[in-house]
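Have a look at the structure below before the remarks.
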Amino acid sequence: MTETTLAAQASDTAAERPHRALLPVVLTAAFMITLDFFIVNVAIPSLQRELHAGAAAIQWVVAGFGLAVAAVLITASRLGDAFGRRRVFTVGLVLFTITSAACGLAPTAGLLIAGRVLQGISAGLMTPQVLAILRTSYSGQAQARAFSMFGLSLGIGAVSGQLIGGLLIRADVLGLDWRTCFLINVPVGAAAVALTPRVVPESRGPARAALGIPGMVIASVALVAIVLPLIQGRQAGWPAWTWPCLAAGCVLLAAFAWYQHRVAARGGTPLIDPVLFRERAFTAGLLAQLVFWTGQASFFLVLALYLQEGRGLTALASGVVFTAIGAGYLVTSSTAHHLARLLGRDDTKRTGVLTPGEGGVVLVCDGRAHAHSPRNTGSRISAAARRPSAKSASRVLSANRRISSSSWRARIASAARNDIASVCAMSR
């Protein structure tokens, strides 16, 4: 009898143990989402030339993805609770694969932007399911390791995106050039879709919360009202409509906050729980994250453009430069907890915020020195070097400023959207 009981217990334990391929499958999805957000940086000069896209169109290619993710993130989480996380994850993965193909085959900038928005929606469907699947499939130390791997996957995807994009553009498979940066998701996504039913367990939330459609609509319209003038305004010379549009976005964000308070007061489940902001540590940490990601995300795009448009590097050479950032990320992410014990959390956070700023100063100084240097190898700056006049140098600096200005605004908006999405995820 005892042997039978022990055998049954062993069988139950084996049945409950997560499949060994579970973590690779869900982390592949997370990696693809992050990779796709950053890989477009190194592809922008190529796609801009082929599609004859203007500065505003390029910014929408970048910002449309993040806007769509933020718009559906929390509603997608509640869809997973209600209809099954594996099911919603699979739907998102299938849509992400299809929209990646659509982006890679887009004949015009407008269709590429539409594909990126749809790709962002599918990414928003997947992201909360990944977190929920890891939380329900693992426990104890295994769960801690799973979430550590999740964070590492996001970091590597962000940093390696430029290098992978450079390799794909250099390979120029079938003459597809930048299109392979999107099409690479198709075989990877198809393989993940095929494995998902076999290795990912189904799970649901204990109770069905309201989807929060009114709050999602208000927040989405508010974000569009803020992002639209930031992207279109500079190129159009800041016409009169941009300022009322920005003001309306702020009013809508205030309306969103009021609506969330009202939902919470009625005993409902708000998209963002207002109670979170009563914690000083949470609010301060959120602001620090906003500052950090605003700087890092904009730096990645500006650096990728500077290396190719300013320095004249190829897409692959530009990607190789980013491997230094990747090496630094891997070293610091594995040793940061030791540094925190040594310096304390406050000093560690100050170092993390100040270091990217110092790097930006170095980049600006290098750009200014490079613009006046006769040994410059960049295509634009080489012309200036052959005609070493103040007017030529001024044109180079003006071009770099245009790149930095437009890219900075797009990434500022994207970082703000991602932080709002992070608050929503944490409020659950």
Compute the label zone of residue 264 within the stretch 282-312: residues whose backbone N is under 20 Å from the point 7 Å along Cα-to-Cβ.
282-290
The stretch 101-152-the stretch 163-197 distance, computed between alpha-carbon centres (Å)
16 Å
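How much length is gained on full extension from residue 105 to residue 149, taking 0.36 nm per residue of separation minus their Cα-Cα distance? It would help to have the intermediate numbers written out before the result.
Numbers: separation 44, 0.36 × 44 = 15.84 nm, distance 3.25 nm.
Full extension of this stretch gives 12.6 nm more.
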For a quick protection proxy, order the peptides 267-277, 314-324, 128-138 by their average other-Cβ count within 10 Å, most packed first.
128-138, 314-324, 267-277
Got a sec? How would 331, 186, 263, 200 order by Cβ neighbour count within 10 Å, fewest to most?
331, 186, 263, 200
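Using C-alpha positions alone, give me the convex hull volume of the stretch 76-187 per residue in cubic angstrom.
107 Å³
Report the FRET efficiency, 1/(1 + (r/R0)^6), for residue 49 and residue 342, where r is their Cβ-Cβ distance and R0 is 35 Å, rounded to 0.05.
For R0 = 35 Å, the calculated efficiency reads 0.10.
List the chymotrypsin sites (Phe, Trp or Tyr not before Pro) within the stretch 207-260 that fall in a DSSP loop (any state other than H, G, I, E or B) and whose Cβ has at most 16 other Cβ atoms within 10 Å.
Details: sites: 241, 256, 258, 259; in loops: 241.
The qualifying sites are 241.
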Taking the Cα-to-Cβ direction at residue 248 and at residue 236 and moving 7 Å from each Cα, how far apart do the two end points lie in nm?
1.1 nm
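None of the figures in this text is laboratory data; all of them are computed from the coordinates on show. Bear in mind that the values here come from a model prediction, so they are computed numbers and not experimental data. All Cβ positions, glycine included, derive from the backbone under ideal geometry; neighbour counts span all protein chains shown.
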